Amino acid sequence: MTRMPIRLLPDEVASQIAAGEVIERPASVVKELIENALDAGASTISVEVAGAGKRLIRVADDGAGIPAAEVELAFARHATSKLASAADLFHITTLGFRGEALASIGSVSQVTLLSRSRDETLGVQIRVEGGEVRRRSAAGAPPGTLVTVENLFYNVPARLKFLKADVTEKRQIDALVSRYALAYPRVRFSLTHDGREAFRSHGNGDLREALAGVFGVEVARQMIEVGDSRPEAGGLRPSAPNVRQSDSSVQRPTPSVQVTGFVTPPTITRGNRREITLFVNGRWVQDQKLTAAVLQAYHSLLMAGKYPMAVLLLRVPPDEMDVNVHPAKSEVRFRDANAAFSAVERAVRSALLAHAPVKSVSPSGDWGDAGWQERRQALMGGNWRTEAAVAPSPIYPRPEPGDLPPSETPNSGLAGDSDPSASALPLPIGSPMPLLRLIGQVGAAYLVAEGPDGLYLIDQHAAHERVLYEEWMAGMTAGALASQALLEAVPVEVPPESARVLEDQLEALGRLGFGVEHFGGNTFLVRRLPALLAHADPAAALRVVVEDFEEDETPLAAQAEARLIARVCKRAAVKAGQVLSAPEQLELVRKLETCRSPRTCPHGRPTMIHLSVATLERQFGRKG
Ligand code: ADP
Ligand code: MG
């Protein structure tokens, strides 16, 4: 190709290139117009769409409006009323600040803007086509702004070709409007497609009602509140434009990340992570790391391939993050990304724990805390509990020999060849489970215990699964996973499809304590097993693994690995019907108390049922 001399691109080409970064599809137009309306302090925002947004997008708001003298300027590139100096870039409290949206939209469509400033008596209407102002006239209008975008990409046919089918473009607009309705429960949103109402929110500030509009009444009812979700507390509405927050640096809150919102319980899931919505300071962001933090909070509560639904609103001091990362402003960078990550994980995790299905028949009731402490001291004697509650590590005391039979000793895998502190887990988040006084076993399946607020029935199998699972995870983290060599290698034949996958995973399995070699054909030699399975039949142990592969296309990705471990623990855990000695029962309860997630087994089923004092009193007719 012959070289062309270097030339400045014609304005028109340059602005179309720039526009392409901001306006990719109809939903991007809707996003920018909604953000402008929110920045203008609107309390009602109506979105009207025709032809999936390709033919028409119209957004009306009752915000501050644009002064007549400024309407042309609003369409100029890098013209904004929200930013005055470079320093302001680090205190951004509005959604817009780049002054690019209207210019971009104007250069790739035909736009009519009708606006009246609250401070003026007459409005103004302006028509912009392909970046050129075509008409301008005074016009009567209520305060607020009405932007009509017609024939998007009419002058950029290449773009038009890249748009998806109408249903897809529509769905993106639906998702966008409904998400914004969730982040701004005090703003009334409505959306119509070709004259038919597709979505409406009431704007009464009730986030749960807004959730119902998006996820349906049933899911919304079951969603778990994270943090303090009162909209006042979030203060999500960005400040109105022109009212620059010069004092924002003075009354700076603690530079922590506040997380509020709603998440689904582990029982309500989706097959993808698209329903995890994150807003940072009122701005919808796509952030892989924060999404991962949400998933991390569900760790061991969900099956592989299952994802929760979530709407989380983060508040971060504006100078703790950079929103000027991407032209579409859908990414943010945090000064302290780890703090943001752990704030999200912690908030969601503690909401889940607080909500975990300790099937409380009644929510309240208490033996009375002071009395309980005394009774416990008197009844329990020993001081191991204080130790467990206070010392950060090791919180898993090594079992006394003879406490549990070897095959069922939860720690047997780690004993002998590892440092006891290696199996320590961080202290439980919050207070996941009260310390209990063991009473005994019933039906060779359940343990009965007394807590500060009533009676607990513990499923011994589910509880032991949980204990083994957390010990395994701790051992892995500490690099102290124990495996046991078999006296003789055992050949095991597996189905042909499994054989292929298994072959690829031998190394990964090695990390989990399995020593397996390919022997030829569909036969494998089992040489070592994780200590937990040391007493299991090797063929059955390998089958646990292979079954897991069959269910999962990408075996041993972190989640699948966790699931596999959960299955192994399920196999190794004490079964219902197994009589436990008193020390064994005590050991189990004690270990469960130190778990991070004691209230569910690794598969998400409850480990315990709680009968509160109040329930007992009611049942016995002691109280109304
Ligand atoms: P930005 O939002 O980044 O400032 P835009 O191109 O989206 O850039 O808008 C340019 C300017 O036009 C804004 O700064 C604001 O002053 C004004 N404006 C745009 N839309 C509205 C609206 N709906 N209500 C009031 N003012 C608006
Ligand atoms: Mg804007």
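The values are calculated or read from the model by the stated rules, or taken from the named source; none is laboratory data. The structure displayed is predicted, hence computed values, not measured ones. Don't worry about glycine lacking a Cβ; one is built from the backbone with ideal geometry, like all the others, and counts go over all protein chains shown. Protein only, heavy atoms only, side chains kept; ligands, DNA and RNA dropped before computing areas. Shrake-Rupley method; radii C 1.70, N 1.55, O 1.52, S 1.80 Å.
Here are some notes:
- Centre separation in Å (Cα based) which lies between region 499-527 and region 17-64: 55 Å
- For the listed residue pairs 82/161; 164/306; 161/306; 289/575, the alpha carbons are over 30 angstrom apart in 82/161; 161/306; 289/575.
- Residue 76 versus residue 164: modelled label distance in nm, points set 7 Å from Cα along the beta carbon direction: 3.8 nm
- Three-way shape call for region 1-52 based on the alpha-carbon gyration tensor, with the a/c threshold at 1.5: prolate
- Full-extension gain in nm, residue 339 to residue 217, via 0.36 nm per residue minus C-alpha separation: 40.6 nm
- Computed from the C-beta positions of residue 457 and residue 478 and an R0 of 30 Å, the FRET efficiency is 0.35 to the nearest 0.05.
- Prolate/oblate/rounded call for region 560-601, Cα gyration tensor, a/c under 1.5 rounded: oblate
- Solvent accessible area, Å² - residue 2, 1.4 Å probe, full protein context: 120 Å²
- Distance (nanometres) between label positions extended 7 Å along Cα→Cβ at residue 506 and residue 354: 5.1 nm
- Cα gyration tensor, region 470-624 - rounded (a/c under 1.5), prolate or oblate: prolate
- Largest to smallest in accessible area, the residues 477, 148 fall in the order 477, 148 (1.4 Å probe, all protein chains included).
- Remark on region 253-351: Rg and Dmax equal 13.2, 39 Å (Cα only).
- Potential extension, residue 85-residue 202 segment - 0.36 nm per residue separation minus Cα distance: 38.4 nm
- Here the Karplus relation 6.51 cos²θ - 1.76 cosθ + 1.60, evaluated at θ = phi - 60°, turns the backbone of region 308-318 into coupling constants of x, 9, 7, 10, 10, 10, 9, 10, 10, x, x Hz, with x for every Gly and Pro.
- The simple spin-label model puts a point 7 Å past each Cα toward its Cβ; for residue 192 and residue 616 those points are separated by 6.2 nm.
- Judged by the mean number of other Cβ atoms found within 10 Å, the most tightly packed of the peptides 96-102, 11-17 leads the ranking 96-102, 11-17.
- Shown are 3, 188, whose ranking by accessible area with a 1.4 Å probe and every protein chain present, most to least, is 3, 188.
- Protection proxy ranking, peptides 514-523, 455-464, average beta carbon neighbours within 10 Å, highest first: 455-464, 514-523
- For the residues 270, 135, 599, a 1.4 Å probe over the protein chains yields an accessible-area ranking, largest first, of 135, 270, 599.
- Under the convention that each Lys and Arg Cβ holds +1 and each Asp and Glu Cβ holds -1, the size of the dipole of region 289-337 around its Cα centre is about 200 debye.
- Legend: calculated FRET efficiency, residue 134 to residue 543, from the Cβ-Cβ distance at R0 = 60 Å, rounded to 0.05, equals 0.25.
- Annotation: residue 186 carries an accessible surface of approximately 110 Å², with a 1.4 Å probe and no ligand, DNA or RNA atoms counted.
- Eigenvalues of the alpha-carbon gyration tensor of region 46-188, scaled by 5 and square-rooted, set the equivalent ellipsoid semi-axes at 24, 20, 17 angstrom, largest first.
- Solvent accessible area, Å² - residue 535, 1.4 Å probe, full protein context: 130 Å²
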